[in-house]
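Reading through the structure tokens given below for one structure.
The values are calculated or read from the model by the stated rules, or taken from the named source; none is laboratory data. If you're wondering where the values come from, they're calculated on a predicted model, not measured in any experiment. We place every Cβ from the backbone using ideal geometry, glycine too, and count neighbours over all the protein chains shown. Surface accessibility is based on the protein's heavy atoms, side chains included, excluding ligands, DNA and RNA. Shrake-Rupley method; radii C 1.70, N 1.55, O 1.52, S 1.80 Å.
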Amino acid sequence: MDVPKDQMSTLLDCGLYNSAQMLGCFLVSSSSVNNDTSPHLKAENLALHGDALFREKEYRRAIHVYKQALQYHKMVPKVNATIRSSLSASNRSSSPNSFNVSAINENEVKFKIATCHCAINENRAALVEMEAIPNKSRNLQMNLLMGKLYRYFKHIRPAIACYKECLRHCPYIIEAITSLAELGVQAKDIFSLLPQTPNRSGRPPFDQFDSTRWLQRYVEAQCCIASNDYKGGLELFSELLQRFPNNVHLLLEMAKVEAIIGKNDEAITNFEKVRSIDPYVVTYMDEYAMLLKLKSDPLKLNKLVHDLLSIDPARPEGFVALAVLCERKDDRAALTNAEKSIRIDERHITGHIVKGNLFLSMNQPEAAVTAFRCAQELRPDLRSYQGLVRSYLALSKTKEALYAAREAMKAMPQSAKALKLVGDVYASNSSGREKAKKFYESALRLEPGYLGAALALAELHVMEGRNYEAVILLERYLKDWADDSLHVKLAQVFAATNMMQDSLSHYQAALRINPLNEAAKKGLELDPDAPEEEEENDGDDADGDPEDAELL
């Protein structure tokens, strides 16, 4: 042979993929290999060339070459049968290569073709390739990819079966555990797939964890999060963190959940701890960007965006963070970046949430509904419900807003924020304010420190002319909350009661906390005789429903 095949393998083993793909061009075009009499050699050469192209991320070329390899591979048995027949007739000895069967594994090549399709978002073609591989021939990698593809196309049962098969092969595949939890599999069913390792020495373990106990705790935590029991999930993650201090994965999981439920300070602390341990982490850092935006910390946000795009410009998190940075300054550019993150990964939830928020700020609530629905289909969480409620209210679709809020309440029955969401819908209509008050008060009983519910209840007091009650309520939170929105609301209430000096001092306090607060700036520029009145939503009546008592 003109080109030694072992040299091609050496280049691939050494990671010299560019050199390998150039050498592969010589290997597959060598005139010393007869395509008709030696299809097994041709198939092997093409498969090696495909591997080089795959590693170089030339996915379409790799698919083309791999398919050629499979075509030659199919010719091998027929050629061998012909050779055996002729040799038998002539009674001649054959060279060892005469009976060579192609060394390529047909199922492995199909798996590589499917992986290439996935890399260029051709998931339907990938699934077709993977389903051509018999169940019994699928290895761990194949089952994991099958699980992802079935989940993508909402084939829930086969997806669960594939992920379970992964855990039977190897119980420590965290991705499979998380996916099973998100698909609604109970913790006890996942436990049955984990190894049971009794303590053979008869002595108690050195602490509360044995070799697999931590894995069971992790399963419980993910199942809690998937069922919206965020408090239980955070407690379990905290317990695991004591055993594995400075565990970047656990800190990220905790920070993500804290961001979802509005524990912003705790989430920021954990994100910053992760970056101090490993400054090159990209996972969930778009969540961190959204928190920095809320905290009005443009310097940190700017640096974070620069870091993410420098570390890996092919990840969606960087473009979500860039969208967050551009928001309000250039909403059109922000939207472009949010959409780019979704093109990179259609299942990236924060991309859809940021896109929905941008559409709302651009006064396009119908488009916002579509974006929040996409996020909700991927994984319902509080933010997608909040976005849907805001969007429907902007469209004066009160019934749809109430339905979405109630869905949030059913999904998260112990969530003060979900209760507040139902109250927001009722508060949008003058006839529903008394009901809104009950939901806000219930939210504060469930979570007394929830500032969002306190601000909403104070706004109701102002609407009903109970300014004194609004002031008393808000001033209770001043000791524990250095929040610009709290000071702005107090300033507005004081302005409504003509206590202009108190109003001025709270506007100034708000700007000291957040120099970019537009409401505080306007409050200082204008001479506000009264707080701005909320526009009353005269859409569908959201009055009395027997379900409300159950929700409360």
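Brief remarks follow.
- Of all residues in the stretch 11-29, those that are within 8 Å of residue 52 (Cα to Cα) and assigned by the TED database to the domain that holds residue 62 have Cβ atoms under 7 Å from Cβ atoms of residues that are part of a helix (DSSP H, G or I) and among the basic types (Lys, Arg), 6 or more apart or on another chain, in 17/55.
- Restricting the stretch 314-329 to residues that are touching a residue at least 12 places away in the same chain (Cβ under 8 Å), over 18 Å from residue 346 (Cβ atoms) and touching a helix residue (DSSP H, G or I) at 6+ places or on another chain (Cβ under 6 Å) leaves a set whose member that is surrounded by the most Cβ atoms within 10 Å (Cβ to Cβ) is 321.
- Of the helices (runs of 4 or more DSSP H) that lie entirely inside the stretch 371-444, those containing 2 or more residues that are open to solvent by 40 Å² or more (accessible area, probe 1.4 Å), out of contact with any strand residue (DSSP E or B) (no Cβ under 8 Å at 6 or more places or on another chain) and of a type in the set (D, E, K, R) span 398-411.
- Selection status of residue 420, more than 29 Å from residue 184 (Cα to Cα), basic (Lys, Arg) and modelled with pLDDT of 90 or more: no
- Subset tally (residues that are in a helix (DSSP H, G or I) and either open to solvent by 30 Å² or more (accessible area, probe 1.4 Å) or in contact with a strand residue (DSSP E or B) (Cβ under 9 Å, 6 or more places away or on another chain) (or both)) for the stretch 497-515: 9
- Sole exception among (1) modelled with pLDDT under 95; (2) buried (at least 24 other Cβ atoms within 10 Å of the Cβ) for residue 62, by number: (1)
- Where residue 333 falls short, out of the listed (1) open to solvent by 50 Å² or more (accessible area, probe 1.4 Å); (2) over 20 Å from the mean Cα position of the chain (by Cα): (1)
- Scanning the stretch 230-250 for residues that are in contact (Cβ under 8 Å) with a residue 24 or more places away in the chain, part of a helix (DSSP H, G or I) and more than 24 Å from residue 450 (Cβ to Cβ) yields 240, 243, 248, 249.
- Restricting the first member to the stretch 459-481 and to residues that are under 18 Å from residue 437 (Cα atoms), and the second to residues that are open to solvent by 70 Å² or more (accessible area, probe 1.4 Å), the beta-carbon pairs closer than 6 Å and six or more apart or on different chains are 461/469.
- Boolean, residue 489 is surrounded by fewer than 18 Cβ atoms within 10 Å (Cβ to Cβ), in the same structural domain as residue 519 (by the TED database) and among the basic types (Lys, Arg): no
- Filter result for residue 375 (closer than 30 Å to residue 410 by Cβ and out of contact with any Pro (no Cβ under 8 Å at 6 or more places or on another chain)): yes
- Scanning the stretch 126-148 for residues that are surrounded by 16 or more Cβ atoms within 10 Å (Cβ to Cβ) and assigned to a helix (DSSP H, G or I) gives 126, 127, 129, 130, 142, 143, 144, 145, 146, 147, 148.
- Filter pass, residue 324 being over 16 Å from residue 375 (Cα atoms), aliphatic (A, V, I, L, M) and assigned to a helix (DSSP H, G or I): yes
- Filtered residues of the stretch 477-512 (kept if among the small types (Gly, Ala, Ser) and over 35 Å from the mean Cα position of the chain (by Cα)): 491, 495, 496, 503, 505, 509
- Among the residues making up the stretch 306-325, those that are of a type outside the set (Lys, Arg) and either under 12 Å from residue 281 (Cα atoms) or not assigned by the TED database to the domain that holds residue 347 (or both) are 307, 308, 309, 310, 311, 312, 317, 318.
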